[in-house]
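Each reported figure results from applying straightforward, stated rules to the coordinates on display, with no laboratory input. Owing to the predicted nature of the structure, the values given are computational and were not obtained by experimental measurement. Note: ideal-geometry Cβ built from the backbone for every residue, glycine included; neighbour counts use all protein chains shown.
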Amino acid sequence: MIWRRRRALDDLDEDIREHLARETDENIARGLSPEAADAAARRAFGSVTRIKEDTRAVWVPIWADQLLQDARYALRLVRRSPGFASLVVATLALGIGLTTAVFSVVNAVLLRPLAYRDGSRLIWIVTYDDRVPLIEVVSAPDFVAFHDHASTLERVVAFDVSMERVTARDGVVATRVATVSSDFWDLAGATPALGRLPSTNEDAIVLSHAFFESAFNGNATLVGRMVTVNDRQVLLAGVLPRTFRPQLPAPAAVSQLPPGEVEAYHATTIQPPSPTDLGVRLFYVIARTRPGVTVAQVKSELETLRADVQRAYAKLPSAPRLRVTPFADVLVGQARRPLLILFGCVLLVLTIACVNVASLQLARASARRKEVAVRAAIGAGRGRVLRQFVVENLLLASAGGIVGLLVARVAVSSMVQLLPYAIPRLTETTIDARVLTFATIASVVTALACGIAPAAALWRMNVQDALKDGTRMTTAPPRALRARRALVTVELALASVLVVAAILLVKSLWRITAYPAGFDPEHVLTLKVQMSGPAYRTPKRKRAYLDEVLQRAGTVPGVHATGVSSAAVARTRLIRQDGRPMSILDRPIVRLNVTSAGYAAAIGMRIVEGRWMTDAEPSAVFVINEALAHRYFPGENPIGRRLLLPNGPDPARAIPVPIVGMVADLRIADLESAIEPELFLDYRHGNPFAMTVIVRTTGDPLHVAPTVRAKLAAIDPTQALFQVKRLDTALIDSIAPRRMTLTLLTVFAGSALLLGVIGIYGVMAYSVAQRTQEIGVRMALGATRQAVLMMIMTQGIRLTAAGVAVGAVSAAGTSRVLASLLYDIQPTDGASFAVACVGVAATAIAACSLPAMAASLVDPVVALRSE
Amino acid sequence: MSTEERLELLQGTLDLLIMQSLRRGPAHGHTIMQAIERRSGSVLHVEQGSLYPALHRLIKRGWISFEHGTSENNRRAKYYKLTAKGLKQLAVETSNWEKLAGAIARVLRPA
């Protein structure tokens with residue numbers, strides 16, 4: 001069709017020329033002179049242009065033709081003022097780009113369905129005890145009961161994530177292994193890329209694609225052979241496809257694992273323990289409900305099943321409460337609120353970008369009054385003129401949208417690279433069809449929103465007045481300038497809101513990372529040892545290994561203190577020897593940290609009372625922290641009191657252990673967690689398992705890290721050393737979500753401020769340019785340069801003050817939504833507000849000073865002569 | 001031929017006349033115009049302004065097509081010709097027209 005049109009229209013000119021030539025020939029033949037013949041032919045034919053237009057209209061609808069004209073005209077305008085166009089495109093690209101970036105994260109995290117089959121029917125089941133924070137798991141007997149008897153559940157899967165030692169191509173690597181029960185494959189919808197999935201009761205592992213590539217070089221011949229996991233031969237059954245990346249939450253409070261992706265899956269079967277067995281395995285449990293079953297129905301059935309389990313295992317300690325949550329909420333629940341807040345903030349940035357563009361266009365609209373008036377005078381209807389503006393805006397906004405998409409791409413990939421685990425599912429972020437649709441809608445809405453103010457200004461314009469104006473405009477139409485001032489006030493107000501928010505978050509981060517004196521994480525190296533395998537079954541063997549670790553690490557040059565502490569959270573019942581008798585199950589539960597004599601010096605603990613443990617304690621001693629003393633020894637001196645340390649299942653054999661010292665509370669793992677009451681016990685008298693080795697150095701810990709690593713690896717090459725990190729890095733990683741929010745919000749606030757400053761600068765510069773003659777007159781009549789400077793500055797300061805004041809009030813009204821992101825400060829923290837307002841005001845006033853200087857430098861002679 | 005005797009074409013009949021005049025072979029726009037005027041005994045006057053839009057309308061509908069040729073005095077020219085589809089359409093339209101003209105004639109005939 002288009003091709004036919006092109007062909008038919010192509011030689012219309014030629015066709016008409018031939019027509020006229022023939023008519024002329026005939027006229028000549030009829031006896032007319034060539035000139036008269038030509039004139040007669042043209043007269044008979046009529047308006048060539050009109051006929052051409054009519055003919056074109058057969059093929060192309062008139063509106064499309066006009067649209068093309070409008071677009072061409074808009075492009076011409078862009079070429080004529082590339083500065084204006086690029087400023088508008090850059091502003092829109094920033095606004096649309098940031099908004100699209102945040103939307104693509106929202107899309108990946110909150111909108112896209114989970115990477116599981118029937119993800120909406122998945123639930124997360126935990127049992128917990130109010131008195132023991134953060135421990136939310138399911139015991140083996142409960143799991144077996146749920147799995148075998150729950151009629152509301154279709155599939156029930158237990159899993160656990162831990163670091164295991166896998167012997168790979170280049171030696172032993174610490175590997176993140178998920179131990180999964182047999183229904184996992186069906187629940188996750190897994191199909192192997194190589195090999196097969198393990199069958200029930202089979203001791204086999206399946207590798208993630210990425211781990212298979214990195215650790216085994218992607219060597220397919222290994223599939224079906226045995227590999228060594230924790231010194232044991234296990235069948236490598238298969239490899240999962242690259243796309244299989246299920247999210248398995250592993251709460252750090254229990255697993256003590258940094259966030260990351262599962263590298264291998266180990267199939268396991270879960271047997272109920274015998275009712276007399278006191279040891280109990282704990283798991284995380286995901287289940288898929290039957291269609292149409294509600295969470296409440298599941299919960300009530302599981303409660304019934306648990307009651308039976310408790311009767312059968314009366315001796316087992318059991319968490320009293322049960323919670324059933326939709327799995328999606330568990331996975332991303334914590335991220336929802338910060339993400340929505342960020343999305344709200346980025347929409348403010350987009351609004352500021354729109355306002356800025358509208359203000360720029362208002363300025364141009366008053367410069368273009370003449371042009372528009374001429375077009376109106378020669379017959380363009382208001383609708384046609386308006387459409388021209390809409391087309392212009394759409395053109396600019398689509399350019400802004402395209403550049404914005406590039407901005408979004410860069411923003412998303414740098415976010416994923418910098419903080420991949422700050423938000424669950426963040427690594428799934430891509431620019432998909434939904435994101436593209438969003439960007440398109442954002443661009444169109446932006447184009448229309450930016451066009452409203454200038455279009456309204458032109459709509460009201462009186463054609464005659466505009467044409468009557470001199471060749472140069474002497475005064476701006478006051479209404480347009482007033483509108484621009486109002487827009488700038490809005491911009492500055494919105495920017496102030498964002499800057500307040502950013503400063504509140506920055507201050508929270510400062511509060512969190514305000515380390516107590518003596519705690520110097522920049523000079524501490526931490527690494528983890530697991531002491532797993534048959535060689536480390538007994539506490540005695542583990543103690544011997546730790547003796548070696550401390551001795552060898554201590555001899556490395558540059559190391560001046562070494563210590564160990566429990567890597568995983570262990571807890572014990574606090575039993576005072578002098579306490580009143582009570583059932584063991586009612587005793588409070590506190591953290592038990594198995595540690596060493598050098599630990600206090602290595603980590604930088606402050607001793608408040610008494611002393612720390614030494615290397616030569618003849619028998620066990622306890623050190624407690626202040627939190628424990630405040631909670632369990634209120635108003636008394638805890639030093640010298642005795643606590644009972646359980647020694648096997650028989651309470652009668654518990655050993656009384658004296659408290660010898662008290663240390664200040666210190667956060668050394670998760671910066672945002674609450675301080676728990678904690679007991680410290682020497683590893684020589686306690687039962688160590690996975691341990692963190694702490695090495696304090698004089699210089700940068702990373703310089704001694706290779707030596708420490710080599711020396712410790714030599715003790716037992718089968719033991720993997722993992723998470724070798726500077727403590728400050730580890731601590732910063734523990735607040736990754738906060739850093740992500742903070743970084744983004746700072747970028748938004750910075751962009752908003754930049755746009756606001758450009759906005760106020762533009763208005764002021766424009767107003768000075770408009771008033772050049774007036775300023776010339778004032779100077780000619782005796783105004784000093786200083787007076788002119790002050791006159792313009794006053795104007796700028798008034799605008800700024802209005803914007804910042806409105807912003808501060810709005811921020812005070814809305815900062816409550818940030819409460820969940822703040823740490824140890826109020827959402828209406830006065831100092832933060834003051835810093836933000838002063839900062840915004842100072843920047844804006846600095847921007848005003850440039851046009852004010854320009855005004856004061858006006859040469860009255862030149863200004864007056866230019867009339 | 002005085003202009004008073006000429007009649008403007010009825011709406012929609014130009015298409016029919018163009019196709020009819022193309023039955024005798026490809027022709028240039030000017031030739032088509034002349035042919036219609038001549039065959040009507042100079043009674044019908046083709047508005048030149050509506051000729052080209054009409055030709056393009058017919059091309060768009062696929063009833064006529066065009067080819068390039070050289071005119072008698074050696075200029076490049078566009079020759080319009082009837083397509084097979086156009087030929088069929090012409091038959092339909094001619095018969096419609098005849099029915100219409102006959103009906104109008106019967107109505108107008110004095111009783």
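Roughly how tilted is helix A:34-45, in degrees to the nearest 10 and between 0 and 90, from the longest Cα axis of chain A?
50 degrees
Of A:His147, A:His560, how do they rank once you tally other Cβ atoms within 10 Å and put the fewest first?
On the way: A:His147 20, A:His560 14.
Arranged by neighbour count, lowest to highest, A:His147, A:His560 become A:His560, A:His147.
Would you mind calculating the relative contact order of region A:778-867 from Cα pairs under 8 angstrom and at least 6 residues apart, reporting the percent as a whole number?
Values: 42 pairs, mean separation 44.9, N = 90.
Dividing the mean separation by the residue count of region A:778-867 yields 50 percent.
What number comes out for the charge environment of A:Leu32, summing +1 per Lys or Arg and -1 per Asp or Glu over other residues with Cβ under 15 Å away? All intermediate terms of the calculation are to be shown ahead of the outcome.
On the way: positive: A:Arg22, A:Arg30, A:Arg42, A:Arg43; negative: A:Glu23, A:Asp25, A:Glu26, A:Glu35, A:Asp38.
Here the count lands on -1.
So if I restrict to the alpha-carbon atoms in region A:40-119, what is the Rg, and what is Dmax, the biggest pairwise distance, in Å?
Rg and Dmax of region A:40-119, Cα atoms, are 24.9, 81 Å.
Which value, to two decimals, describes the C-alpha radius of gyration of region A:122-220 once divided by 2.2 N^0.38 Å?
Normalised Cα radius of gyration, region A:122-220: 1.31.
If packing is taken as the average count of other Cβ atoms within 10 Å, what order do A:391-404, A:114-127 fall into, highest mean first? Don't skip to the answer; put the middle values down first.
Working: A:391-404: 23.3, A:114-127: 18.6.
The densest-packed peptide leads the list: A:391-404, A:114-127.
Let a ≥ b ≥ c be the square roots of the eigenvalues of the Cα gyration tensor of chain B; is it rounded (a/c under 1.5), or, if not, prolate (a/b larger than b/c) or oblate?
Note, shape of chain B comes out oblate.
Among the DSSP beta bridges whose two residues both lie in chain A, what percent are antiparallel, rounded to the nearest 5?
Values: 70 of 88 bridges.
The answer is about 80 percent antiparallel.
I'd like the mean, over residues of B:58-64, of how many other protein chain beta carbons sit within 10 Å of each residue's own Cβ. It would help to have the intermediate numbers written out before the result.
Details: counts 1, 7, 6, 1, 1, 0, 0.
Mean partner-chain Cβ count within 10 Å for B:58-64: 2.
If I take every Cα pair under 8 Å that is 6 or more residues apart in region A:321-465, average their sequence separation and divide by the length, what percent do I get for the relative contact order?
Working: 76 pairs, mean separation 63.0, N = 145.
Computed value for region A:321-465: 43 percent relative contact order.
Restricting to DSSP loop positions (anything but H, G, I, E, B) with no more than 15 other Cβ atoms inside 10 Å of their own Cβ, which trypsin sites (Lys or Arg not before Pro) remain in region B:32-111? Present the calculation step by step, with values, prior to reporting the outcome.
Details: sites: B:Arg38, B:Arg39, B:Arg57, B:Lys60, B:Arg61, B:Arg75, B:Arg76, B:Lys78, B:Lys81, B:Lys85, B:Lys88, B:Lys99, B:Arg106; in loops: B:Arg75.
Taking region B:32-111 and a limit of 15 other Cβ atoms within 10 Å, the loop trypsin sites (Lys or Arg not before Pro) found are B:Arg75.
Where Rh is the Kirkwood radius over the Cα pairs of chain A, the temperature 20 °C and the viscosity 1.002 mPa s, what D in µm²/s does Stokes-Einstein return? It would help to have the intermediate numbers written out before the result.
Numbers: Rh = 33.4 Å.
Estimated diffusion coefficient is 64 µm²/s.
Report, in degrees rounded to the nearest 10, the 0 to 90 angle that the Cα long axis of helix A:140-149 makes with the longest principal axis of chain A.
60 degrees
Can you compute the helix-only [θ] at 222 nm over chain A? Use -39500 (n - 2.57) per DSSP H run of at least 4 residues, normalise by all residues, nearest 500 deg cm²/dmol. Please report the intermediate quantities before stating the final value.
Details: 27 runs with 450 residues, N = 867.
When only DSSP H runs of four or more count, the value is -17500 deg cm²/dmol.
Based on a Kirkwood Rh over C-alpha pairs, give the Stokes-Einstein translational diffusion coefficient of region A:516-563 at 20 °C and viscosity 1.002 mPa s in µm²/s. Intermediate results must be reported in sequence, preceding the final value.
Working: Rh = 12.7 Å.
D = 169 µm²/s.
Sort the following peptides by mean Cβ neighbour count (other Cβ atoms within 10 Å, averaged over residues), highest first: A:336-343, A:222-229, A:351-358. Don't skip to the answer; put the middle values down first.
Numbers: A:336-343: 17.6, A:222-229: 15.8, A:351-358: 27.4.
With the highest mean Cβ count within 10 Å placed first, the list reads A:351-358, A:336-343, A:222-229.
When only alpha-carbon atoms are used, what values of Rg and Dmax, in angstrom, describe region A:396-447?
12.4, 37
Return the inverse of the average 1/r over all pairs of distinct C-alpha atoms in region A:507-587, which is the Kirkwood hydrodynamic radius, in Å to one decimal. Please report the intermediate quantities before stating the final value.
Details: mean 1/r = 0.0584 Å⁻¹.
After inverting the mean inverse Cα-Cα distance, the result is 17.1 Å.
Please compute the average number of Cβ atoms from other chains found within 10 Å of each residue's Cβ in peptide A:557-566.
Working: counts 0, 0, 0, 0, 0, 0, 0, 0, 0, 0.
What the average comes to for A:557-566 is 0.
Could you put A:Ser86, A:Ser508 in order, starting from the residue whose Cβ has the fewest other Cβ atoms within 10 Å?
On the way: A:Ser86 15, A:Ser508 23.
Fewest to most other Cβ atoms nearby, the residues stand as A:Ser86, A:Ser508.
Which of the GluC sites (Glu not before Pro) found in region A:631-706 are in a DSSP loop and have at most 13 neighbouring Cβ atoms, other than their own, within 10 Å?
Working: sites: A:Glu636, A:Glu672, A:Glu678; in loops: A:Glu636, A:Glu672.
Sparse-neighbourhood loop GluC sites (Glu not before Pro): A:Glu636, A:Glu672.
Taking every pair of alpha-carbon atoms in region A:717-846, what share in percent sits in each 5 Å bin, from 0 to the bin with the longest distance?
2, 8, 12, 15, 12, 10, 9, 7, 6, 5, 4, 3, 2, 1, 1, 1, 0, 0, 0
With the cut-off at 27 Å, report for region A:294-415 the share of all Cα pairs above it, as a whole percent. Please report the intermediate quantities before stating the final value.
Working: 4268 of 7381 pairs.
The calculated P(r) of region A:294-415 puts 58 percent of pairs beyond 27 Å.
State log₁₀ I(q)/I(0) for region A:64-190 at q = 0.15, 0.19, 0.21 Å⁻¹ as given by the Debye formula over alpha-carbon point scatterers of equal weight, solvent excluded.
Each listed q maps to, in turn, -0.99, -1.20, -1.21.
Cα-Cα over 29 Å: which of A:Lys540/A:Lys711; A:Lys542/A:Lys711; A:Lys542/A:Lys725; A:Lys52/A:Lys370; B:Lys60/B:Lys99? Can you show the working numbers first?
Working: A:Lys540/A:Lys711 21 Å; A:Lys542/A:Lys711 17 Å; A:Lys542/A:Lys725 23 Å; A:Lys52/A:Lys370 31 Å; B:Lys60/B:Lys99 27 Å.
Violating the 29 Å Cα-Cα cut-off are A:Lys52/A:Lys370.
To one decimal place, what orientation-averaged projected area in nm² is obtained for the convex hull of the Cα set of region A:602-743?
Values: hull surface 49.2 nm².
Mean shadow area of the hull around the Cα atoms is 12.3 nm².
Can you tell me the orientation of helix A:539-554 relative to chain A, as the angle in degrees between its alpha-carbon axis and the longest Cα principal axis, to the nearest 10?
Helix A:539-554 and the main axis of chain A meet at about 60 degrees.
For a quick check of your reading of the filter: which chymotrypsin sites (Phe, Trp or Tyr not before Pro) in region A:683-788 sit in a DSSP loop and have no more than 11 other Cβ atoms within 10 Å?
Values: sites: A:Tyr683, A:Phe689, A:Phe722, A:Phe748, A:Tyr761, A:Tyr766; in loops: A:Tyr683, A:Phe689.
Passing both the DSSP loop test and the Cβ count: no residue.
Report, as an integer, the average count of C-beta atoms from other chains found within 10 Å of each Cβ along B:31-44. All intermediate terms of the calculation are to be shown ahead of the outcome.
Numbers: counts 2, 0, 4, 3, 0, 0, 0, 0, 0, 0, 0, 0, 0, 0.
Across B:31-44, the average partner-chain Cβ count within 10 Å equals 1.
Which order results if A:Lys528, A:Lys711 are arranged by neighbouring Cβ count within 10 Å, fewest first?
Numbers: A:Lys528 21, A:Lys711 18.
The most exposed by this proxy come first: A:Lys711, A:Lys528.
What translational D, rounded to a whole number of µm²/s, comes out for region A:745-792 from Stokes-Einstein when the hydrodynamic radius is the Kirkwood one over Cα pairs, at 10 °C and 1.306 mPa s?
127 µm²/s
At a 10 angstrom cut-off on C-beta neighbours, averaged per residue, how do the peptides A:724-733, A:38-47 rank from highest to lowest? Intermediate results must be reported in sequence, preceding the final value.
On the way: A:724-733: 19.0, A:38-47: 14.7.
Per-residue Cβ counts within 10 Å, averaged per peptide and sorted highest first, yield A:724-733, A:38-47.
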